Amino acid sequence: MLPGPSKLNFGQCFLWMMIWSWSKEGKPCFMSNARFAKDLNLSERQVKNILKQLKDMGLVKVWYASIDGSSKRRCLRTVFKPCDFEGNNFPQG
């Protein structure tokens with residue numbers, strides 16, 4: 001059961017799916033809010049708010065890590081929990 005709303009809006013759904021698609025094979029997603037905004041035709045502020053909503057619902061994990069000794073980068077990964085969007089359940093498996 002989701003901690004919060006059980007339905008996702010379009011922005012939440014598509015951002016979650018982008019993070020999921022870029023964090024396959026155990027690797028985190030490193031995309032910036034600017035890149036998400038460009039790809040989803042949203043503002044960076046909208047992306048920031050949606051990302052916070054997904055984090056608060058427990059659907060996305062956010063942390064910062066040093067990659068190859070460089071400065072810390074934001075890492076994103078989806079948390080696999082059942083979610084319902086307009087009658088479609090995803091992710092599955």
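The values are calculated or read from the model by the stated rules, or taken from the named source; none is laboratory data. The structure presented is a predicted model; accordingly, all values stated were derived computationally and were not measured. Every residue, glycine as well, gets a Cβ built from its backbone with ideal geometry; the counts of neighbours run over all protein chains shown. What goes into the accessible areas is simple: the full protein's heavy atoms, side chains included, and nothing from ligands, DNA or RNA. Shrake-Rupley method; radii C 1.70, N 1.55, O 1.52, S 1.80 Å.
Values as computed for the structure displayed
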quantity: Members of region 4-17 found to be crowded, with 19+ Cβ neighbours inside 10 Å and closer than 26 Å to Ile67 by Cβ, listed by number; calculated: Leu15, Trp16
quantity: Count of residues meeting criterion [open to solvent by 70 Å² or more (accessible area, probe 1.4 Å) and in contact (Cβ under 8 Å) with a residue 24 or more places away in the chain] in region 23-41; calculated: 1
quantity: Pairs with Cβ under 8 Å, 6+ apart, first in region 50-67 and within 14 Å of Met31 (Cα to Cα) and open to solvent by less than 20 Å² (accessible area, probe 1.4 Å), second β-branched (Val, Ile, Thr) and assigned to a strand (DSSP E or B); calculated: Leu51/Val60; Leu51/Val62; Val60/Thr78
quantity: Criterion (modelled with pLDDT under 80 and of a type outside the set (Ser, Thr, Tyr)) met by exactly one of Lys81, Lys55, Lys61, Lys72; calculated: Lys81
